[in-house]
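Comments concern the structure below.
The values are calculated or read from the model by the stated rules, or taken from the named source; none is laboratory data. Please read all numbers here as calculations on a predicted model, not as lab measurements. Glycine also receives a Cβ, built like all others from the backbone with ideal geometry; neighbour counts cover every protein chain displayed.
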Amino acid sequence: MPRLLPSLKVRIALITTVLAGILGGGIVIGSLYFAHLDLEDALQNQQDSIVKLSVDQLDTAMDDRIELLSHLAPQLRDTLASAHEQPHDAVRAALQQAIDRTIPMPEAFNAVMVVDAAGTVLTMDGKPVEVGDRAYFLEAIRTRNVVVAAPIRSRVGGYVGVLVAVPVLSLSGEFLGVAGGWLNLANSNFLVEIANNRLGTTGFYCLVSAGSEPVYVQHPDPTMARKPAHAVGETCGVDDHSAPLEFLTPTRPVIARRLMASTGWELVAVMPAQEAYAPLRQMQRRFLMMSAIALSVVALLIWLAVRQLLTPLSRLHQVVQASANDLDAFQRLPKRPHRDEIGDVTGAFIRLMRDMRQRGLQLARSERRLRAVTDTLPALLAFIDSDERYVFNNIAYERVFGMSLDEIQGKTVREVLGEERYARAQPFLQRALRGEEVSFEAEYHFPHHHWMEMNYRPEWGEDGRQVVGVHIHVEDITRRKVENLRLSHISRTDHLTQLQNRNAFESQLRDAMMLSRAEQQLMALLYLDMDRFKAVNDIHGHATGDLLLQAFALRLRRCVRESDHVARIGGDEFAVILEDIGTPATAQRIAGAILESVGRHFYFDGILADVDVSIGVTLYKGTPISEETLMRQADVLLYRAKALGRGRYEIGPAELLADAGA
């Protein structure tokens, strides 16, 4: 199915519009990109300012509470120093009195406790609570300085909160205990309020503790309290990755961070991208809508201008298409085209079509003459192009393939020849298409047994660099081939016995020895000589001798295997080549069968011919000797058999018999 393409006018309009769109789009996208960067910087600066202000407020609130505990600590010094000498209730009452006098409750802390040097909470009723293993207590002993603990769970009520611990020291610097202020994260205080504050509509804060294993002090999600946080680059659990086109579809939130000077904690403020860049997204939508409208108007104007400019080209296009079937279609073009590029092309086309019409008439006359000559030839003549399609063929193709000339032209060689014939011809066609002149013969059995000779001659283009087609000449050579085969058979066959003659025997022996050497197969060569043949020939005449030779050849042929080669090498001498016999026993069995068969008398028209045969059997298994040497070995064994009494066989050499266990 042909591929449908838009017209040239449409393509020019589309290309121009696309280029204008690319230019305008580049300007729009560049503007949006830099607008995004400017807005991002402004939002980041604004966020940083807000976080700095919030951190200052948190530091001020924390410093005020540390200051209160620092004023409380000296007042507890005497009570803690003598706590082990006084009743617990008296100590607790004295400590509570100092706390009530110094610390406003619950404005400053949700609770205040005093711990002695052993880690026992002295301000609790009932069973004493021990906090000596708490990290903040151990840190206060070690540093003798204020410690703000990360969120911990109270051992009394199970509440989660933050403890501000101030060490109580004697005048000599001895550690007496700790005054701790408790900020319950479940109650209202300045730490809780920071998590409830919102940035805009959807923004929020989170507070992260210091140290090697930071946790969330505050988070908008209450379940995140005391959960591990990042020491660097904390994002309050939101995704901080940019989108592939961040400036068009921003997804990265605006995040600001600042450390508290009083505690080392980090306050993180997060403004989601959807809210932060909402004004930019609105501007983008308006910008893109206006750009689309402008681009549509530009495309329409371009289309109208191109249509007007290319009207002469459209007329020329219609005429060119019609010229495929009508060589006179060019006469519909204006006699005086416009003086521009299209007009020049129109004038050149008119001159070209006039010339083509004249050349077409000449070509038609030449083709009629060529066909008149080729159609009288019995051979198949054709020309195919580089795609293996028939451009020309003579009428002989119609007789052979049963298709008309019009049906064959345009078809491929595969379609005309069929799969089987094409598979045999394809390698030679490819060689011809590569520039090689090729000739070969092929034998076919359908619709009758015949031979064909194919000649492929490449046709080179005008530049002499590329093959543009192949000339095909196909001739039926069945008669010549049959005659050659008959002559070849005669040249290799003994005319009397129809066995192989000496030339064929020597050629076959050479091939058998080469195969034995290559495959290390055991073979045997038999030399046979008829005993008393001369007497029969002298007494009964040559005609009887010829009949005896023919009968002997027939019996000999029946004693060997179908794959064995039997030859008459002269007079009453015969030879047998046994290939791949496996063991010497095979050669011995065949030699014995020949002796037994020949031992039966021959009768010809009342004439009794009593002859025997002597056989020399030589074995061979790849040793580097010549055919002449092997034949001499067989001949020696033959005469040994004659010397030992005739009508028998001798086999050798002994080493091959010994190797086979014979």
Quiz item: What helices (runs of 4 or more DSSP H) completely inside region 555-662 contain at least 3 residues that are modelled with pLDDT of 90 or more, under 29 Å from Lys534 (Cβ atoms) and out of contact with any Leu (no Cβ under 6 Å at 6 or more places or on another chain)?
Solution: 584-599, 627-643
Practice problem: Hand me the list of strands (runs of 3 or more DSSP E) wholly inside region 170-254 holding 1 or more residues that are crowded, with 17+ Cβ neighbours inside 10 Å and of a type in the set (S, T, N, Q). | Solution: 175-184, 216-218
Quiz item: Failed condition for His219, given (1) closer than 22 Å to Arg153 by Cβ; (2) in contact (Cβ under 8 Å) with a residue 60 or more places away in the chain, with all others met?
Solution: (2)
Practice problem: Assess whether Arg365 counts as being part of a helix (DSSP H, G or I), at pLDDT below 75, more than 18 Å from Ser323 (Cα to Cα) and in contact with a helix residue (DSSP H, G or I) (Cβ under 9 Å, 6 or more places away or on another chain). | Solution: no
Quiz item: Before we move on, is Ala292 at pLDDT 80 or above, assigned by TED's automatic domain parsing to the domain that holds Val217 and not in a helix (DSSP H, G or I)?
Solution: no
Practice problem: Quick one: which residue in Ala90, Ala83 is at pLDDT below 90, over 30 Å from Ala261 (Cβ atoms) and surrounded by 14 or more Cβ atoms within 10 Å (Cβ to Cβ)? | Solution: Ala83
Quiz item: Just one of Ala575, Ala609 is more than 24 Å from Ile490 (Cα to Cα), touching a residue at least 60 places away in the same chain (Cβ under 8 Å) and assigned by TED's automatic domain parsing to the domain that holds Leu499; which is it?
Solution: Ala609
Quiz item: Do we find that Thr143 is polar (S, T, N, Q) and either out of contact with any Lys or Arg (no Cβ under 7 Å at 6 or more places or on another chain) or at pLDDT 90 or above (or both) in this structure?
Solution: yes
Quiz prompt | Members of region 222-248 that are over 21 Å from Val51 (Cβ atoms) and touching a residue at least 60 places away in the same chain (Cβ under 8 Å) | solution = Arg226, Glu246, Phe247, Leu248
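Residue-by-condition table, conditions (1) farther than 30 Å from Gly606 by Cα; (2) surrounded by fewer than 14 Cβ atoms within 10 Å (Cβ to Cβ):
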{"residue": "Asn484", "(1), (2)": "yes, yes"}
{"residue": "Ala504", "(1), (2)": "yes, no"}
{"residue": "Ser516", "(1), (2)": "yes, no"}
{"residue": "Glu519", "(1), (2)": "yes, yes"}
{"residue": "Asn537", "(1), (2)": "no, no"}
{"residue": "His540", "(1), (2)": "no, no"}
{"residue": "Glu562", "(1), (2)": "yes, yes"}
{"residue": "Phe574", "(1), (2)": "no, no"}
{"residue": "Pro584", "(1), (2)": "yes, no"}
Quiz item: How do the helices (runs of 4 or more DSSP H) wholly within region 1-109 filter down when requiring 1 or more residues that are on the phi < 0 side of the Ramachandran plot and touching a Gly at 6+ places or on another chain (Cβ under 6 Å): which remain?
Solution: 8-75, 77-81
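Residue by residue, here is whether (1) in a helix (DSSP H, G or I); (2) among the charged types (D, E, K, R) holds:
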{"residue": "Arg258", "(1), (2)": "no, yes"}
{"residue": "Ala261", "(1), (2)": "no, no"}
{"residue": "Val270", "(1), (2)": "no, no"}
{"residue": "Gln274", "(1), (2)": "yes, no"}
{"residue": "Gln284", "(1), (2)": "yes, no"}
{"residue": "Leu313", "(1), (2)": "yes, no"}
{"residue": "Leu316", "(1), (2)": "yes, no"}
{"residue": "Gln321", "(1), (2)": "yes, no"}
{"residue": "Val345", "(1), (2)": "yes, no"}
Self-check item: Filter pass, Ser439 being modelled with pLDDT under 90, more than 17 Å from Phe401 (Cα to Cα) and outside the structural domain of Ala396 (by TED's automatic domain parsing)
Solution: no
Quiz item: In region 413-454, what count of residues is obtained for those that are surrounded by fewer than 14 Cβ atoms within 10 Å (Cβ to Cβ), touching a helix residue (DSSP H, G or I) at 6+ places or on another chain (Cβ under 8 Å) and basic (Lys, Arg)?
Solution: 0
Self-check item: Matching residues, region 30-45, being loosely packed, with under 13 Cβ neighbours inside 10 Å and aliphatic (A, V, I, L, M)
Solution: Leu37, Ala42
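Just to be sure, is Leu122 among the aliphatic types (A, V, I, L, M) and free of Cβ contacts under 8 Å to residues at least 12 places away in the same chain?
Here the answer is no, as Leu122 does not meet what is asked.
Within region 494-512, how many residues are within 19 Å of Phe552 (Cα to Cα), out of contact with any helix residue (DSSP H, G or I) (no Cβ under 7 Å at 6 or more places or on another chain) and not aromatic (Phe, Trp, Tyr)?
4
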Practice problem: Determine which single condition Ala150 fails, assuming it passes every other condition in (1) surrounded by fewer than 16 Cβ atoms within 10 Å (Cβ to Cβ); (2) in a loop (DSSP other than H, G, I, E, B). | Solution: (1)
Exercise. Residue by residue through region 174-193, note down the ones that are modelled with pLDDT of 90 or more and of a type in the set (Asp, Glu).
Key: Glu174
